[in-house]
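The next block holds one structure in the form of structure tokens; read it before the comments.
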Amino acid sequence: FAVGEHVRSLGLRLGAAEFDGRTGRLVRLGGVELAGPVLDVWRAPTENDRGQGTRNALAADWEAVGLDRFLHRTGDIERPDDRTLVVHGRSGPATRTLGFRTTCTWRWQDGALTLSIEADPVGDWHDTAYGHLSVTPPRMGARFALPGGYTEVTWFGPGPGESYADSRAAAPVGRYARSIDALQTPYVVPQENGNHVETRWLEVSGPGLATLRVDGEPYVDFTARRWTSEALQTARRPHDLTDSGRVWLNLDHGQQGLGSASCGPALPERYRLPIRRYSWSMTLTV
């Protein structure tokens with residue numbers, strides 16, 4: 001392709017990486033079939049997110065403005081040189097003006113694929129139509145779908161249990177390995193769980209599959225599970241959660257804290273994600 005040419009063909013390649021020319025999403029890296037990323041601002045609400053009826057009910061605000069119903073549209077796809085792909089897009093709910101404009105920049109260098117994500121807020125995040133003065137997203141992340149044959153995650157960062165912005169004192173930094181199933185916290189009422197903050201690197205492996213390694217630049221938060229956040233949200237009991245046939249891997253800038261609003265005060269502002277421009281980067285290798 002010529003430098004700066006806008007691309008709309010199938011089978012775009014950067015080294016060992018292949019992309020869908022319609023969406024600009026990664027579909028294969030080396031021998032691994034995968035799909036993503038899509039901008040992910042949602043998490044399955046926790047009991048604390050739901051608050052006390054109408055008091056401190058962050059989840060009700062999120063759902064009212066459609067943070068659980070984001071749609072994704074690809075704009076221009078550019079290839080400024082033979083090692084770079086730039087994908088522009090917009091994500092937001094169909095019936096609202098709020099959302100994010102995204103730019104995903106992919107670079108192939110020295111056998112590795114680097115992804116830089118920029119997300120800029122657009123539209124009215126301070127609309128009072130539903131009685132909200134301000135709504136902030138529970139997550140700012142990137143979701144990938146991996147083959148369901150992956151079974152293990154090894155990582156360097158806080159662990160071995162889950163950790164969040166305001167809940168990490170019992171998660172010392174180290175090298176850990178757990179099965180994907182063991183990463184899930186089996187709450188009686190299914191809800192967001194299993195996040196790991198400030199991860200330096202992680203490797204996802206499984207029998208007969210190439211190991212996928214992700215290096216944060218310098219960190220990513222990660223979750224890995226066999227169902228989506230949407231499935232987690234609708235489940236009423238743990239037995240409602242079934243294997244989707246894929247592993248859903250989130251590689252995030254971060255999530256808001258857990259708080260204690262189900263029986264206590266609202267989540268402090270310092271543990272929320274303000275409406276602003278976000279950027280984060282990672283390197284993927286197989």
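The values are calculated or read from the model by the stated rules, or taken from the named source; none is laboratory data. Quick caveat, the model's predicted, so the values are computed rather than measured. Note: ideal-geometry Cβ built from the backbone for every residue, glycine included; neighbour counts use all protein chains shown. Surface accessibility is based on the protein's heavy atoms, side chains included, excluding ligands, DNA and RNA. Shrake-Rupley method; radii C 1.70, N 1.55, O 1.52, S 1.80 Å.
Could you list, in sequence order, all residues of the range 80-104 that are part of a strand (DSSP E or B) and closer than 24 Å to GLY31 by Cβ? If you could, list the steps in order and put the result at the bottom.
Our first condition is that a residue be part of a strand (DSSP E or B); within the range 80-104, this holds for 80-81, 84-93, 99-104.
Scanning the range 80-104 gives THR84, LEU85, VAL87, CYS104.
For every residue, the table says whether it meets (1) open to solvent by less than 50 Å² (accessible area, probe 1.4 Å); (2) assigned to a helix (DSSP H, G or I); (3) modelled with pLDDT of 90 or more.
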{"residue": "GLY21", "(1), (2), (3)": "yes, no, yes"}
{"residue": "ARG28", "(1), (2), (3)": "no, no, yes"}
{"residue": "GLY36", "(1), (2), (3)": "yes, no, yes"}
{"residue": "ARG43", "(1), (2), (3)": "yes, no, yes"}
{"residue": "ALA59", "(1), (2), (3)": "yes, yes, yes"}
{"residue": "TRP62", "(1), (2), (3)": "yes, yes, yes"}
{"residue": "ASP68", "(1), (2), (3)": "yes, no, yes"}
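Do we find that THR211 is within 24 Å of ALA231 (Cα to Cα) and polar (S, T, N, Q) in this structure? Outline the logic, then answer.
Working: within 24 Å of ALA231 (Cα to Cα): no; polar (S, T, N, Q): yes.
Taking the combined requirement at face value, the residue does not satisfy it.
Residue by residue through the range 169-186, note down the ones that are under 19 Å from the mean Cα position of the chain (by Cα) and assigned to a loop (DSSP other than H, G, I, E, B). Give the steps one after another, and end with the answer.
Of all residues in the range 169-186, those under 19 Å from the mean Cα position of the chain (by Cα) come to 180-181, 183-185.
Residues satisfying the conditions are ILE180, GLN184, THR185.
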**Message:** Give me the residue from the range 265-286 that is part of a loop (DSSP other than H, G, I, E, B) and not aliphatic (A, V, I, L, M) and, out of that set, surrounded by the most Cβ atoms within 10 Å (Cβ to Cβ).
**Reply:** ARG272
**Message:** Can you pull out every residue in the range 152-175 that is crowded, with 20+ Cβ neighbours inside 10 Å and more than 27 Å from ALA235 (Cα to Cα)?
**Reply:** TRP155, GLY157, PRO158
**Request:** Just one of (1) under 16 Å from the mean Cα position of the chain (by Cα); (2) crowded, with 18+ Cβ neighbours inside 10 Å trips up ARG107, so point out which.
**Result:** (1)
**Asked** Could you say whether any residue in the range 216-235 is of a type outside the set (A, V, I, L, M, F, W, C), surrounded by fewer than 19 Cβ atoms within 10 Å (Cβ to Cβ) and free of Cβ contacts under 8 Å to residues at least 12 places away in the same chain?
**Response** yes
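Considering only the range 236-264, state which residues are in a loop (DSSP other than H, G, I, E, B) and surrounded by fewer than 17 Cβ atoms within 10 Å (Cβ to Cβ). Outline the logic, then answer.
Restricting attention to the range 236-264, the residues satisfying the condition of being in a loop (DSSP other than H, G, I, E, B) are 236-237, 241-245, 256-264.
Within the range 236-264, ARG236, ARG237, THR242, ASP243, SER244, GLY245, SER260, SER262, CYS263, GLY264 meet the criteria.
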**Message:** Take the conditions charged (D, E, K, R) and assigned to a helix (DSSP H, G or I) and apply them to GLU192. Does it pass?
**Reply:** no
**Complete:** Every listed condition ((1) modelled with pLDDT of 95 or more; (2) assigned to a loop (DSSP other than H, G, I, E, B); (3) more than 16 Å from GLU118 (Cβ to Cβ)) holds for ALA2 save (1)
**Request:** Working only within the range 86-95, note down all residues that are farther than 18 Å from SER279 by Cα and either open to solvent by less than 40 Å² (accessible area, probe 1.4 Å) or touching a residue at least 60 places away in the same chain (Cβ under 8 Å) (or both).
**Result:** PRO93
**Message:** Return the residues of the range 72-81 that are surrounded by fewer than 17 Cβ atoms within 10 Å (Cβ to Cβ) and under 13 Å from THR105 (Cα atoms); say none if nothing qualifies.
**Reply:** ASP76, PRO80, ASP81
